[in-house]
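The values are calculated or read from the model by the stated rules, or taken from the named source; none is laboratory data. In this text the structure is predicted, and so the values were computed from the model without any measurement. When we count neighbours, we look across all protein chains shown, and the Cβ atoms used for this are built from the backbone with ideal geometry, even at glycine. These area figures cover heavy atoms from the full protein model, side chains too; ligands, DNA and RNA do not enter into them. Shrake-Rupley method; radii C 1.70, N 1.55, O 1.52, S 1.80 Å.
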Amino acid sequence: MMTNNFSTFLQPFHSHRFFKAAMLCTLLFSGSNALAKSDNLTVSKAWVRATVPGQEVSGAFMDLTSKTNARLIKAESPVAEIVEIHSMSMQNGVMNMREIKELDLPAGKTIQLAPGGFHIMLINLSKQLKAGDSIPIKLTIKEAGNTDSVISIDAKVK
């Protein structure tokens, strides 16, 4: 009796149409791990560091891959009063962090924004960033011919 019910349940899944739909979904959702994509830029692996109550700063991290030479010139988020593009480096045994006005995105090369390197600083946070939340971030990219494009992402808080 249980076998007949289970077989009846599985019958629609054996159809050719269902198989095609399942394969299409698999291809769409397992592909590039891209979080957002424009004509020229792919953003993947975006995340923001969680904060404790009262903490006013955090960092956003992601991978940026541009098809053509471009520059990240601005980042914005409604959860922070100030959003800056930063670099970190070691100089004479001291970690040095500073704002940079733009970040080069060479054609075809993935630029990682990661702890200890380039990142986006979120300053004067309007709320605590809790693990599991999604934080909206807008990136402005200066492309060839001085054209600006904006790409919006939602970065998971970890």
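General remarks:
- When residues in region 114-138 are screened for being touching a Phe, Trp or Tyr at 6+ places or on another chain (Cβ under 8 Å) and exposed (fewer than 12 other Cβ atoms within 10 Å of the Cβ), 1 of them pass.
- For the condition of a type outside the set (Ser, Thr, Tyr) and surrounded by fewer than 16 Cβ atoms within 10 Å (Cβ to Cβ), residue 94 qualifies.
- Every residue from region 101-110 that is open to solvent by 20 Å² or more (accessible area, probe 1.4 Å) and closer than 9 Å to residue 66 by Cα: 106, 107, 108, 109, 110
- Pairs, first more than 24 Å from residue 146 (Cβ to Cβ) in region 52-78, second modelled with pLDDT under 95 and open to solvent by less than 60 Å² (accessible area, probe 1.4 Å), C-beta under 7 Å, six or more apart: none
- The one condition from (1) outside any loop (DSSP other than H, G, I, E, B); (2) closer than 28 Å to residue 39 by Cα that residue 98 does not meet is (2).
- Sub-9 Å Cβ pairs linking a first residue in region 99-121 that is closer than 16 Å to residue 46 by Cα to a second residue that is in a loop (DSSP other than H, G, I, E, B), at least 6 apart or interchain, are 111/118; 112/118; 115/49; 120/77, ordered by first then second residue.
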